[in-house]
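Just below is one structure, and these are the notes that go with it.
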Amino acid sequence: MLLIVETLIALGKIAFVLAFVFSFAILLTWAERKQPALMQDRLGANRAPIFGLRLWGIFHSIAETFKLVFKEDFIPPAASQFAFRFAPVVALFPVLLTFAVIPFGNQLEIGGRVILLQVLNINVGILFLLAFGSLGVYGIVLGGWASNNKYSLLGGMRAVAQTISYEVVIGLTIIGPVMVYGTLELGDMVLMQNKLLFGWLPMWGVVVQPLAFLLFLPAGIAETKRTPFDLPEGESEIIGFNLEYSGMRWGMFFLGEFIELVVLAGLLVTLFFGGYHVPYLYDSFELSGVGGFVFPWGATIPLADVWVVVLRICSFAAKIAFFLWLQLLVRWTLPRFRYDQLMRVGWKIMIPLALLNIALTGIVLLAL
Amino acid sequence: MIDKKVVRVRLSWWQKTYYPEVARGLWITASHFFVNFARHWMRHVFRMKSVTPGAVTIQYPEEKRPVSPRWRGRHRLMLRPDGSPRCVACMMCESACPDECIYITPAETPDGRVEKYPAVFDIDLLRCCFCGLCVEACPEDAIRMDSFDLDLASYARKDFYLDREFLLRNSELTTHAQYDGELEGRPVSRLNLLKDTHPTTPSG
Ligand code: SF4
Ligand code: SF4
């Protein structure tokens, strides 16, 4: 009986997270056209009505999904048949797993049972996330190689070189927050971020680790392989790993990319922007009493835990939405880096700065 | 030997850190985003039509860009006041046509007032390069290219092979203004578009 309940709870959390991630990813296919349209004084996708209802073209996401599913699925005869079919799966699924360690709330007590609002609570959370996040590039290089096309292969190689370089940067930058919070578990890290600095400033990652944030943001965007760093794909001229893909197999690469965006936004929020926290909002576990707002000037607004959780999930979603917006803004503003620039920035500038950040953090931690 | 001296702009240290310049670029695009967002909402949700439109888009099938009166499009043949075609089948246009895409079969008129008329007058638009030489060659002002037919598209090649009846169809329309809104029942007001090139349909 206990096992069944536990399993049901776990499944419910997984379903919630998947629905959360997928709805963001699907809305992104629409936002990806609508936001640049607004930025460039255009209208963007505004058709695909359902019963005459156009809703600013939001149904384009559905129409596009149908289009991708029903499109001809062409596999080059000279391609490696198994690897070609397998590569999109490798590109998509590890990325889906990564969101499991990102907490979307603290905990909820229902009928005496405390439910942790995080699918996977493991003490190497962020390592898990990085490990699975970097598995995605295997799918890309596999797809590039299996296509039996030299341009695809070159795209895949660029992807590997770029991802590996920037993984180093990411790995080194997150050491800063890890040192400050003293844990690798993302849930604990988020809990730490609700503490107050000087009695009023929430101890968000961006406050205590500004340099790490400034390095993590571009490195993360480079990991998602989008425009200022879109050399692996380079759809506008140099073409890349997904050249031979069509239909839903191509769609899986694309979905994987959009989910990477959501994961990156989730990671940015979790590491640097207080995760699900609303400033000055605490639940009953943190206050060991009645939860609610406790403002630094003394005012309090008591709230039931359920409302705290709802507020926090909303704040988490809003923060993620903001970072998705920011990523789209970057993607539609900046031109692509040249390959040598990409490598120089990664190895010669960002990695030394990340190391400097670790040293500085260590000195400050020792001094305190 | 001509040397081109390439002036390389040296970036300052401040610019080379990327962040301030990137932030400046993002600020420009983000301000467009928010301004256009606000304008769309004011125009389409709060119905404040005096606000500048948030986009310069012309929504093509419903709205069309106004064209100049000299614009060359699909041909049309003109009629005399008595309703017969102005064309006297002199073959000038067929001879002038660089693409050889006009096919005229002359016939004698029964009343003999003018010598000939075109029994067949076909234009193969797929070969036509829209040079307008046929219009220039015509001594009778019988062929013109001011049909303002913008969307020449079809699923079948034969639809681009225009016969005399088709070419005579818009013969009575002589001015831009008269033509307005009468093309095959399509309610398009070009006069309106001439005044305001911005889209007016409520869509985000
Ligand atoms: S426009 Fe030029 S190519 Fe076309 S029919 Fe006239 S003369 Fe021939
Ligand atoms: S030049 Fe004019 S009058 Fe002569 S055949 Fe052509 S359309 Fe008719």
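Things worth noting here:
- Candidate aspartates and glutamates for bridging to B:Lys158, where Cα separation is under 12 Å - those fewer than 8 sequence places away on the same chain excluded: B:Asp122, B:Asp124
- Loss of accessible area when A meets B, both sides summed, Å² nearest 100, probe 1.4 Å: 2000
- From the alpha carbon centroid of region A:324-350 to that of region A:233-277 is 15 Å.
- Over region A:72-367, relative contact order from alpha-carbon pairs under 8 Å, at least 6 apart, %: 23
- Legend: residues in region A:304-333 shielded by at least 30 square angstrom of accessible surface upon adding the remaining protein chains to the isolated chain (1.4 Å probe, heavy atoms) are A:Trp325, A:Leu329, A:Thr333.
- Residues in region B:76-167 average 56 Å² of solvent-accessible surface per residue, probe 1.4 Å, ligands and nucleic acids excluded.
- Relative contact order of region B:76-167, defined on C-alpha pairs under 8 angstrom at six or more residues apart (%): 34
- Listed by chain and number, the lysines whose alpha-carbon sits under 29 Å from that of B:Lys4, ignoring those within fewer than 8 places in the same chain, are B:Lys16.
- Restricting region A:1-75 to trypsin sites (Lys or Arg not before Pro) that sit in a DSSP loop and have at most 14 other Cβ atoms within 10 Å of their own Cβ leaves A:Arg47, A:Lys71.
- Full extension of the chain between A:Leu127 and A:Ala318 yields a length gain of 66.2 nm, computed as 0.36 nm times the residue separation minus the alpha carbon distance.
- In a DSSP loop and with at most 11 other Cβ atoms within 10 Å, the trypsin sites (Lys or Arg not before Pro) in region A:310-366 are A:Arg338.
- Region B:12-65, relative contact order [Cα under 8 Å, separation at least 6], %: 21
- Taking every residue in B:12-18 and counting other chain Cβ atoms within 10 Å of its Cβ, the average works out to 1.
- Per-q log10 I(q)/I(0), the protein assembly as shown, q = 0.08, 0.09, 0.10, 0.12 Å⁻¹ (Debye; single scatterer per alpha-carbon; no solvent): -0.74, -0.87, -0.99, -1.24
- Candidates per GluC sites (Glu not before Pro) in region B:47-118, loop by DSSP, up to 15 other Cβ within 10 Å: B:Glu62, B:Glu100, B:Glu115
- In chain A, excluding the sites themselves, the longest stretch lacking any of the GluC sites (Glu not before Pro) that are in a DSSP loop with at most 10 other Cβ atoms within 10 Å is A:73-236.
- Label point 7 Å beyond Cα of A:Trp200 along Cβ direction - residues of region A:295-331 with amide nitrogen under 19 Å: A:295-301
- In this structure, B:Phe37 and A:Val5 have a Cβ-Cβ separation that, at R0 = 56 Å, corresponds to a calculated FRET efficiency of about 0.75.
- Reach of A:Lys150 by Cα under 29 Å, taken over lysines that are not fewer than 8 positions away in the same chain: A:Lys67, A:Lys71, A:Lys225
- Residues A:Lys71 and B:Asp82, FRET efficiency given R0 of 56 Å [Cβ-Cβ distance, rounded to 0.05]: 0.45
- Taking 37 °C and 0.692 mPa s as conditions, region A:72-367 diffuses translationally at an estimated 161 µm²/s according to Stokes-Einstein applied to its Kirkwood radius (Cα pairs).
- Its residue count N fixes a reference of 2.2 N^0.38 Å for region B:76-167, and the Cα radius of gyration divided by that reference is 1.08.
- Accessible-area composition of chain A, carbon plus sulfur, in percent [1.4 Å probe]: 75
- Taking the longest Cα principal axis of chain A as reference, the axis of helix A:150-173 is set at about 20 degrees.
- Cα-based Kirkwood hydrodynamic radius, region B:39-87, one decimal, Å: 15.0
- For region A:96-225, the solvent-accessible area of protein heavy atoms averages 38 Å² per residue (probe radius 1.4 Å; ligands and nucleic acids excluded).
- GNM remark for chain A: springs join alpha carbons under 10 Å apart, and the peak mean-square fluctuation among A:Asn106, A:Asn46, A:Asn121 falls on A:Asn46.
- Cα centroid separation - region A:147-187 against region B:42-115, whole Å: 60
- For region A:27-46, residues shielded by at least 40 square angstrom of accessible area compared with the chain on its own, probe 1.4 Å: A:Leu38, A:Met39, A:Asp41, A:Leu43
- Prolate/oblate/rounded call for region A:241-368, Cα gyration tensor, a/c under 1.5 rounded: oblate
The values are calculated or read from the model by the stated rules, or taken from the named source; none is laboratory data. Note that the coordinates shown come from a computational prediction; the quantities given were computed from them, not determined experimentally. Note that we place each Cβ from the backbone using ideal geometry, even for glycine, and neighbour counts take in every protein chain shown. Side chains are part of the model used for accessible areas, which takes the heavy atoms of the whole protein and leaves out ligands, DNA and RNA. Shrake-Rupley method; radii C 1.70, N 1.55, O 1.52, S 1.80 Å.
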